[in-house]
Amino acid sequence: MRRVMVMNSKGGSGKTTIATNLAAYYASRGHGTVLYDYDPQASSSTWLKARRQQPGVAHIEGHEAYHQSLGSVTRSWLLRVPTGTDRIVLDTPSGVRGQDMADLVKRVDTIIIPVQPSPVDIRAASDFIRDLLLIGKVRSYPVRVAVVANRVRKRTLGFRLLQRFLQSLNIPFVALLRDTQNYVQAAEYGLGVHELNTRTIDVDLKSWRPLLDWIEREPETERAQMVRRVAMPRA
Ligand SMILES: Nc1ncnc2c1ncn2[C@@H]1O[C@H](COP(=O)(O)OP(=O)(O)OP(=O)(O)O)[C@@H](O)[C@H]1O
Ligand SMILES: [Mg+2]
């Protein structure tokens with residue numbers, strides 16, 4: 001079972017886009033997939049409702065988890081997933097900090113942080129990553145953490161700033177997703193981009209490969225690397 005959380009305290013960075021695309025990808029590859037929506041805005045749940053209107057798409061089990069108070073949930077939360085589930089994707093709200101962040105981190109083995117190429121987004125991501133790495137589980141029992149650059153338009157100042165930021169990080173940068181209406185269109189119909197029948201989709205499918213491969217990679221190696229990196233954070 002893999003439990004992947006998409007998280008960044010910055011609003012609009014692409015959490016729901018990545019969570020829903022991941023869930024759609026896993027489900028369409030035959031994985032028993034559950035999508036937990038921890039955001040009271042319910043964007044993932046709305047996406048899932050649209051998906052249910054689509055004929056012939058793979059089923060994703062949804063949980064409107066924002067109804068629960070985070071701290072009150074015990075370890076048994078996982079017992080409620082249907083038998084046969086082997087991929088759990090968590091979409092989280094913006095502004096998550098402190099104890100809520102710690103409670104969420106305990107539920108997963110992988111965290112994806114989407115970051116957009118703008119100075120405001122980069123600064124917010126930098127603060128968020130610092131807070132995340134200070135959390136107990138990430139330090140002592142490493143969750144795998146990676147960054148995805150989202151809504152990238154190459155040859156812009158924002159992208160150059162983002163590249164510099166990503167190089168300075170002590171966590172891996174695993175994918176670069178371009179800014180395209182394909183994501184907006186897929187979101188509207190409850191689909192993942194790989195389920196769209198659009199001429200321009202090949203480049204987007206290719207851009208997901210490194211992220212999907214990184215998530216599937218044998219965890220021990222990454223964990224060992226993570227321990228070393230977190231033990232010796234860069235200045
Ligand atoms: N790569 C992309 N290309 C084009 N549009 C995108 C891309 N990624 C996200 N978007 C759009 O940007 C908006 C914000 O994205 P999304 O809802 O995924 O962010 P979020 O982090 O979940 O936001 P919130 O913090 O409000 O939950 C959406 O309208 C989405 O369709
Ligand atoms: Mg969202």
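The values are calculated or read from the model by the stated rules, or taken from the named source; none is laboratory data. Please read these numbers as outputs of a predicted model, since none were measured by experiment. Here the Cβ is made from the backbone with ideal geometry for all residues, glycine too, and neighbour counts use every protein chain on show.
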Taking first residues from region 184-210 that are at positive phi and second residues anywhere that are within 13 Å of ligand 1 (Cβ to nearest atom) and in a helix (DSSP H, G or I), the pairs with Cβ under 9 Å that are 6 or more apart or on different chains are 190/20; 190/46; 190/47; 190/50
Residues of region 63-83 being surrounded by fewer than 19 Cβ atoms within 10 Å (Cβ to Cβ) and either of a type in the set (S, T, N, Q) or at pLDDT 90 or above (or both), in sequence order, are 64, 68, 69, 72, 74, 76, 83
Just one listed residue, out of 191, 166, 176, is away from ligand 2 (no atom under 16 Å from the Cβ) and in a helix (DSSP H, G or I), and it is 166
Over region 23-50, the set of residues in a helix (DSSP H, G or I), away from ligand 2 (no atom under 12 Å from the Cβ) and buried (at least 24 other Cβ atoms within 10 Å of the Cβ) is 23, 24, 26
Taking region 112-136 and keeping residues aliphatic (A, V, I, L, M) and away from ligand 2 (no atom under 15 Å from the Cβ) leaves 120, 122, 125, 129, 132, 133, 134, 135
Is at least one residue of region 65-78 β-branched (Val, Ile, Thr) and within 26 Å of residue 149 (Cα to Cα)?
no
Scanning region 1-22 for residues that are near ligand 2 (Cβ under 9 Å from one of its atoms) and under 20 Å from residue 97 (Cβ atoms), the one surrounded by the fewest Cβ atoms within 10 Å (Cβ to Cβ) turns out to be 11
